[in-house]
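The values are calculated or read from the model by the stated rules, or taken from the named source; none is laboratory data. Keep in mind that this is a model prediction, so the values were computed, not measured. Glycine gets a Cβ as well: all are built from the backbone with ideal geometry, and neighbour counts include every protein chain shown. Calculation scope for accessible area: heavy atoms of the full protein, side chains included, ligands and nucleic acids excluded. Shrake-Rupley method; radii C 1.70, N 1.55, O 1.52, S 1.80 Å.
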Amino acid sequence: MEYEEFQKRIKEFQQLQIFIPDYYHWIDDDIELTPNELATIFQKNVKRVRCWFNPGLKHGALPSIDPTRHRCTGRQLKEWLFKRDLSSFMKDKKFKEVM
């Protein structure tokens, strides 16, 4: 499943009582986020958040819209989080059934 399909079916998943993290709902696709803002949102250390932009992560790096500073759009963040969260979603039997 790709993020596009997930985004279109998010209400269906909620009706089936599949847990969907809140950040998929309240982070705006067009907003630009800095590591400091991401650290505040996810209650993480800024240094840790900067590591998310490192291509060495097993699910890939969080893409940056600025080559000299780490910044991403809300859409990029949610697509990246979906790659990370997909393994958790697949553990839910209801989610696997509707796939």
Inset, instruction - Of all residues in region 18-64, count the ones that are among the hydrophobic types (A, V, I, L, M, F, W, C) and in contact with a Cys (Cβ under 7 Å, 6 or more places away or on another chain). - result: 2
Inset, instruction - Would you tally the residues in region 24-73 being over 29 Å from K11 (Cα atoms), polar (S, T, N, Q) and touching a helix residue (DSSP H, G or I) at 6+ places or on another chain (Cβ under 9 Å)? - result: 2
Legend entry - When residues of region 1-12 are limited to those that are within 28 Å of S64 (Cα to Cα) and not acidic (D, E), the one most open to solvent (accessible area, probe 1.4 Å): K8
Legend entry - Among (1) out of contact with any Phe, Trp or Tyr (no Cβ under 7 Å at 6 or more places or on another chain); (2) open to solvent by 60 Å² or more (accessible area, probe 1.4 Å) - the single one H70 does not satisfy: (1)
Legend entry - F89 over 30 Å from Q17 (Cα atoms) and either open to solvent by less than 30 Å² (accessible area, probe 1.4 Å) or among the acidic types (D, E) (or both): no
Inset, instruction - Output the qualifying pairs, or none if there are none: Cβ atoms under 7 angstrom, residues six or more apart or on different chains, first residue in region 64-82 and under 13 Å from Y24 (Cβ atoms), second residue hydrophobic (A, V, I, L, M, F, W, C) and open to solvent by 40 Å² or more (accessible area, probe 1.4 Å). - result: G74/I31
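So in region 19-28, with the set limited to residues that are without any contact (Cβ under 8 Å) to a residue 40 or more places away in the chain and open to solvent by 50 Å² or more (accessible area, probe 1.4 Å), which one is farthest from D85 (Cα to Cα)?
Filtering first and then ranking leaves W26.
Yes or no, residue by residue, for (1) of a type in the set (G, A, S); (2) outside any loop (DSSP other than H, G, I, E, B); (3) open to solvent by less than 70 Å² (accessible area, probe 1.4 Å):
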site: Q14; (1), (2), (3): no, yes, no
site: Q17; (1), (2), (3): no, no, no
site: D30; (1), (2), (3): no, no, no
site: A39; (1), (2), (3): yes, yes, yes
site: R48; (1), (2), (3): no, yes, no
site: G60; (1), (2), (3): yes, no, yes
site: P63; (1), (2), (3): no, no, yes
site: R75; (1), (2), (3): no, yes, yes
site: K96; (1), (2), (3): no, yes, no
